[in-house]
Amino acid sequence: MASVNPFNLSDSEEEAERRPNESVDTERSPSDGAPGPPPGNPFSPPAEAEPPTPLLSSNRTSPNGEGISASAPATSAMAGSTEARVSVDIIAAQLLRDQFILTALEFHTELLEAGRELPRLRDYFSNPGNFERQGGTPPAKDQVLGPGGPLNRAGSISTLDSLDFARYSDDGNRESDERVAVLEFELRKAKETIQALRANLTQAAECEVSSQERKNLKSSPEIQEPIRPLEKRALNFLVNEYLLKNGYKLSSITFSDENDDQDFELWDDVGLNIPKPPDLLQLYRNCGNVTPSQRDTVDVSVGVDPSELPGELRRIRVFKEAWPVTAATNRSRARVGVPAQSSEQKLSPAFQQALLSFCRMCSDSRLGAEVSRIADSEESVMLMLGRCLPHIVPNVLLAKREELIPLILCTACLHPEPKERDQLLHILFNLIKRPDDEQRQMILTGCVAFARHVGPTRVEAELLPQCWEQINHKYPERRLLVAESCGALAPYLPKEIRSSLVLSMLQQMLAEDKADMVREAVVKSLGIIMGYIDDADKYSQGFELMLLSLGDPSERVVNAVHQVFIPAFSAWSTELGNLHVALIPSLLTRIEKLLMQGEHALDEHKLHIFLSALQSLIPPLFALVLQNAPFTSRAKVHADTPAIEVTRFPRPASPLQDIATIIGSREILSALLQLYDHQLELEGTTGWDSLLWVVNQLLPQLIEIVGRINVTSSTCVHEFSRFFWRLCRTFGKIFTNTKVKPQFQEILRLSEENVDASAGNGILTKATVPIYATGVLTCYNQEEDRKLLVGFLEDVMTTLSLSHAPLDSLKASFVELGANPAYHELLLTVLWYGVVHTSALVRCTAARMFELLVKGVNETLVAQRVVPALITLSSDPEISVRISTIPAFGTIMETVTQKELQERVKMQLASFLEDPQYQDQHSLHIEIIRTFGRVGPNAEPRFRDEFVLPHLHKLALANNSHTVESKRIDIATQLFEAYSALSCCFISEEVMVNHFLPGLRCLHADMEQLSPEHEVILSSMIKECEIKVENRGMSDAQGSISIASSLVGEDAKTKFLSKMGQLTTSGAMLANVFQRKK
């Protein structure tokens, strides 16, 4: 079969004259691009070729049922001269004239696909009147029908669905393409007809608004124009759209039922040619910026009965049945890059496809498929994000991945597939390898937002598994994220899960995790859990967790316990009624057991744990007292309610320990405090059960515990002092003066009867004294409070001194108070009272207390107050008083740097050593040797070399000739301790040879006779010192023999250093120094 080139078609005579020998074909070849037939008659096939297949088969039936010869047009065309060309317009006219309508339609379609639209065919098929039935009967056979005349139209369904296009086609393979082309053409024409009808209907309806009615409305603006049907339908559509978008589905259904005459799924149902306005939210936001339109409009709604539409519109139903084929074709074209709508130029689909193939597009890959498939709804957007995010995240820089958190969370929140949501949340928790603080905060913020949106059930099912998976992650930052997430999500979890699974997770991490920062976060999250838990059976577990976390070796973890966990746990205990019934008594019982078990070796760390917990419970205890007071119901906040003084309460460790936060506000607290002070001062505590428990049970038990503490344990004394200080400051001055002090004063009866001098176990020798002095009497710093403290310390010093009792309780008081410079003047006042006391015992005590005070007092006070008092005591008539000043003088030499003070003290010590009246004072010599051994290593080297070591040498030499063996042993023992301490110091060779070694040899001589075990140690010390002296002598001898040493001595060194100092930073000049002179 000969093939022709469809692009050679032309109906121009001029072109025919230019190309007389080229063949013209009016048919489309089934093979594009194949060569045409040889020159000659365009309708005569080659000799060797078969006759061409007619355009339509002879069996094809015309609309009027007559058989039509398919070769009729060709025969009439060949009747002319072989040189003349038959134009396509003539062929079209003949087809229309002979009523070959379907053949003409196919011819018209092929011309359109070839890009050559024929006006005759276009006008004919664009006129609906050509296809209307006349009275439902076909025309007579002899009726003359022209191109524009009436034409009987076969039923669309029977005609289109019964056609066998394969029989009439040039090639059976073109069946689907031709069917699609016909359907596309008819559908396009139907749409154009509908659009024209709608435009005409809208225009006609607009004209129905009478000018008189508009004039009346304009002349009377106060008259509100009634709502028009179009406005009502538009508003109904927008309201229904708003209800659906915001989740009011039931309301939307009800609203739709009440307006059943309107289709809410299609905006075109509102009116014809009416653009859709923005949604209600956008209209509300822009209501102040909208300029009203000046054009009068009229309501036009679409409610047309299909039976009233023209016949062309009725054919839409037929096209809809055939449309899936066309739609599938369009989708296939979209996949290969051909647009669904043709270009303005009449290009064939094949040409368009070939043309667009030069655009570099890819739809075969995963990303190409996503790009070519644009989401058209919220759900499809979520699905697309769920597919794409797992591929996006690994390719984003670690430092910028937090930017993906909102996208991941939003997708995980709205995605319909549980597996995809789980994958996205897994990505969220693994988004950053080691998230820093800011990144963890962003993730936690997103998790909380997710939890608020989805509710407890999905939080339990989707977020908690992610936390559980990472509980043992190798990176502490990831475990930290888990610990923080448990606390942040606690308010949004089901209460059963909160008190079981989450609590167990945190308990496991607290016990097993090795990272301090993770355990710190665990403790804070546990505190949050305690604030939301409501299962009373978990109280004992919470108490054990509190003790476990308080015993943590990390300070930051313990701080978190006091700042978060204990306040939250105490709040829960208060709600359960357990604070003063169970929680505080449990801690007191543990402290008592600890004191009973460790009388000789007290576990101070455990005591600190329990006592610090008690201290953190003071604010909630006071809040409980206020909230259960008789006056609580009368507390009213007024404008004239005074503000709370800044120093009224101790500084809280965290906002959760602020009593105002516990109560509710500072205004309420201020009103309660006014009534509290008034009640204590004037009305008493009758009926005030919570306060009576504090007074009658808590305070006596605490005072009893204090009396059992070892007074020499400065740590325990300090801890209890701070506890009582915070307790008294929190409960106020009136409570302290009327409830606390009387109970201590009842026990501390300041008389000699209250001191058991023989056993030394009187109450004044216990820790009760320093704790009362430093924990209770220092709470308030007014003049009467300071006088009370001074008087108490003076009475204690006097009582203990006259009773010959141990001074440990007084020393502990001085050490604790001396740590605060604000009390130095007060302590010096107390000591001066002892200096001028009539009893030598009191003066001795005062002298010994100076030793404790000197180290913390500034040198000005030492020079003005301490040294004069000591010099006064050093000339006391009683030798015991003078001896008592020696330790204090030694401490001054150890601590002060003023030369004048040092000389004054050295003179006083020299008088003790050189004055003949002290030569036989054994106690004085013992005290001096003990003091030299204590202060010598830390004193100024000159004082040690010129004063301490020479006098020790003299004392050791004198001790060799001592006649009383017991005194000789005492001095030798003290000398041994002193020399042992001083042997660690650097001692010059001269002092070593002249004083240190001779003193050791004298002591060695005593120890040979008195203490052989000490003699062995002394021998090794002497030998070691002798070796040091020999080594130094050898190094000096080598230096004197060396000629270089003799030439380059101190003078050469001085010259060298001076020359180095004159150098600039020039490297060349520095190098010149080391060049050898020529």
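Does any residue of segment 513-524 turn out to be without any contact (Cβ under 8 Å) to a residue 12 or more places away in the chain, under 30 Å from THR574 (Cα atoms) and open to solvent by less than 60 Å² (accessible area, probe 1.4 Å)?
Checking segment 513-524: not a single residue is without any contact (Cβ under 8 Å) to a residue 12 or more places away in the chain, under 30 Å from THR574 (Cα atoms) and open to solvent by less than 60 Å² (accessible area, probe 1.4 Å).
Answer yes or no: is there a residue in segment 735-742 that is of a type outside the set (Asp, Glu), outside any loop (DSSP other than H, G, I, E, B), touching a helix residue (DSSP H, G or I) at 6+ places or on another chain (Cβ under 9 Å) and modelled with pLDDT under 90.
The answer is no, given that none of the residues of segment 735-742 is of a type outside the set (Asp, Glu), outside any loop (DSSP other than H, G, I, E, B), touching a helix residue (DSSP H, G or I) at 6+ places or on another chain (Cβ under 9 Å) and modelled with pLDDT under 90.
GLU977 - would you say it is open to solvent by 40 Å² or more (accessible area, probe 1.4 Å) and either at pLDDT below 80 or more than 20 Å from ILE929 (Cβ to Cβ) (or both)?
For GLU977, the condition - open to solvent by 40 Å² or more (accessible area, probe 1.4 Å) and either at pLDDT below 80 or more than 20 Å from ILE929 (Cβ to Cβ) (or both) - is not met.
Please state which one of ASP296, ASP279, ASP257 is modelled with pLDDT of 50 or more and open to solvent by 60 Å² or more (accessible area, probe 1.4 Å).
None of the other options fit; the residue is ASP257.
Do the conditions hold for PRO416, that is, is it open to solvent by 50 Å² or more (accessible area, probe 1.4 Å), outside any helix (DSSP H, G or I), farther than 28 Å from LYS514 by Cα and not charged (D, E, K, R)?
Taking the combined requirement at face value, the residue satisfies it.
Based on what the data block shows, is PHE631 open to solvent by less than 40 Å² (accessible area, probe 1.4 Å) and touching a His at 6+ places or on another chain (Cβ under 9 Å)?
yes
From the list LEU463, LEU424, LEU428, exactly one residue is crowded, with 19+ Cβ neighbours inside 10 Å, of a type outside the set (Gly, Ala, Ser) and touching a Cys at 6+ places or on another chain (Cβ under 7 Å). Which is it?
That would be LEU463, the only listed residue that is crowded, with 19+ Cβ neighbours inside 10 Å, of a type outside the set (Gly, Ala, Ser) and touching a Cys at 6+ places or on another chain (Cβ under 7 Å).
Would you pick out the residues in segment 880-904 that are of a type in the set (A, V, I, L, M, F, W, C) and closer than 16 Å to VAL842 by Cβ?
VAL881, ILE883, ALA888, listed by residue number.
Only residues in segment 397-408 that are at negative phi count as the first member; pair them with residues that are polar (S, T, N, Q), Cβ under 6 angstrom, at least 6 apart or cross-chain, and list the lot.
That search, which allows pairs on different chains as well, returns GLU402/GLN439.
Among the residues that make up segment 260-275, is at least one of them touching a residue at least 40 places away in the same chain (Cβ under 8 Å), open to solvent by 70 Å² or more (accessible area, probe 1.4 Å) and not assigned by the TED database to the domain that holds GLU379?
So far as segment 260-275 goes, yes, one or more of its residues are touching a residue at least 40 places away in the same chain (Cβ under 8 Å), open to solvent by 70 Å² or more (accessible area, probe 1.4 Å) and not assigned by the TED database to the domain that holds GLU379.
Do the conditions hold for GLY818, that is, is it open to solvent by less than 10 Å² (accessible area, probe 1.4 Å) and among the small types (Gly, Ala, Ser)?
Spelling it out, it is not the case that GLY818 is open to solvent by less than 10 Å² (accessible area, probe 1.4 Å) and among the small types (Gly, Ala, Ser).
Does segment 836-865 hold any residues that are surrounded by 21 or more Cβ atoms within 10 Å (Cβ to Cβ), of a type in the set (Val, Ile, Thr) and modelled with pLDDT of 90 or more, and which are they?
Once the filter is applied, which keeps residues that are surrounded by 21 or more Cβ atoms within 10 Å (Cβ to Cβ), of a type in the set (Val, Ile, Thr) and modelled with pLDDT of 90 or more, segment 836-865 yields VAL842, THR845.
Checking ASN472 against (1) in contact with a helix residue (DSSP H, G or I) (Cβ under 8 Å, 6 or more places away or on another chain); (2) open to solvent by 20 Å² or more (accessible area, probe 1.4 Å); (3) within 27 Å of VAL581 (Cβ to Cβ), only one condition comes out false. Which one?
(3)
Where residues in segment 638-655 are among the aliphatic types (A, V, I, L, M) and open to solvent by less than 80 Å² (accessible area, probe 1.4 Å), which of them is nearest to the chain's Cα centre (by Cα)?
Checked segment 638-655; the qualifying residue nearest to the chain's Cα centre (by Cα) is ALA653.
Out of all the residues in segment 929-939, is one or more outside any helix (DSSP H, G or I), charged (D, E, K, R), closer than 13 Å to THR891 by Cα and at pLDDT 85 or above?
no
The values are calculated or read from the model by the stated rules, or taken from the named source; none is laboratory data. Predicted model, so just to flag it, every value in this text is computed and none were measured. Reconstructed Cβ throughout: ideal geometry from the backbone, glycine too, with neighbour counts over all protein chains shown. These area figures cover heavy atoms from the full protein model, side chains too; ligands, DNA and RNA do not enter into them. Shrake-Rupley method; radii C 1.70, N 1.55, O 1.52, S 1.80 Å.
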